[in-house]
1. Pull up all non-local amide H partners of K63: gap of 5 or more, or a different chain, and H-to-H distance under 5 Å with H placed in the peptide plane.
2. Using a 1.4 Å probe on the protein heavy atoms only, what accessible surface does H17 show? Give it in Å² to the nearest 10.
3. In Å², what does the accessible area per residue of the stretch 80-143 work out to with a 1.4 Å probe?
4. Determine how large the accessible area of I125 is when every protein chain is in place; take a 1.4 Å probe and give Å² rounded to the nearest 10.
5. Calculate one ³J(HN,Hα) per residue across the stretch 31-44 by plugging θ = phi - 60° into the Karplus curve 6.51 cos²θ - 1.76 cosθ + 1.60, and present them in order as whole Hz with x for glycine and proline.
6. Which of these, P123, P48, P60, has the largest mean-square fluctuation under a Gaussian network model of the chain (Cα springs below 10 Å)?
7. In Å³ and rounded to a whole number, note down the convex hull volume per residue for the Cα atoms of the chain.
8. Return the long-range amide H neighbours of D22 (sequence gap of 5 or more, or a different chain), with a cut-off of under 5 Å between placed amide H atoms.
Amino acid sequence: SLHDALPIWEDVPYLCHWFTVDDLQYLQRSGRCSKAAAFMGSVLNIKPILHVDEEGRIVPLYKVRGRKKSIATVAEGYSEYARDPKGLFFICNSDCMEDARMLDDLIFQKHGVRARIITDIGPVIGSHCGPGTLAVFFLAKQR
């Protein structure tokens with residue numbers, strides 16, 4: 001069952017999430033990105049790969065050009081950092097189900113497993129990150 005597959009409390013610090021956004025203007029509006037960075041990122045089609053650190057801050061991991069490259073980079077991050085790449089993972093999206101399926105397909109092609117759940121991002125995170133936000137949640141090898 002899903003309940004049996006979920007991490008136990010000792011695993012919680014290892015819960016990792018990598019995400020990307022489609023439009024930097026939402027990060028700028030919520031104070032997580034400067035106006036200049038949002039403008040230049042939009043002009044250059046930069047899509048950041050982000051995660052939330054142990055202190056709860058959004059931290060950029062990579063900056064790539066183009067949506068497909070950002071999705072592929074999130075999949076590569078899962079492959080590199082997941083404790084068990086053939087194990088349990090979840091995908092969340094903000095009005096970009098096609099991209100969520102693409103991410104699931106990339107992970108499936110490499111590891112032969114599908115996301116346990118593909119679901120929508122809630123309104124609070126969605127309002128800060130905007131439509132086109134795509135995230136993968138998994139247990140990492142290290143904190």
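1. Sorted by chain and number, the residues that satisfy this are I49.
2. 40
3. Details: 3560 Å² over 64 residues.
For the stretch 80-143, the per-residue accessible area is 56 Å².
4. Accessible surface of I125 is approximately 90 Å².
5. Along the stretch 31-44, the couplings run x, 9, 7, 6, 4, 5, 5, 5, 5, 5, x, 5, 4, 8 Hz.
6. Result: P123 has the largest fluctuation of those listed.
7. Values: hull volume 15.2 nm³, N = 143.
Normalising the Cα hull of the chain by residue number yields 106 Å³.
8. The list, which skips near neighbours in sequence, is T133.
The values are calculated or read from the model by the stated rules, or taken from the named source; none is laboratory data. What you see is a predicted model; the values in this text were computed from it and never measured. Glycine gets a Cβ as well: all are built from the backbone with ideal geometry, and neighbour counts include every protein chain shown. Heavy atoms of the whole protein, side chains included, go into the accessibility calculation; ligands, DNA and RNA do not. Shrake-Rupley method; radii C 1.70, N 1.55, O 1.52, S 1.80 Å.
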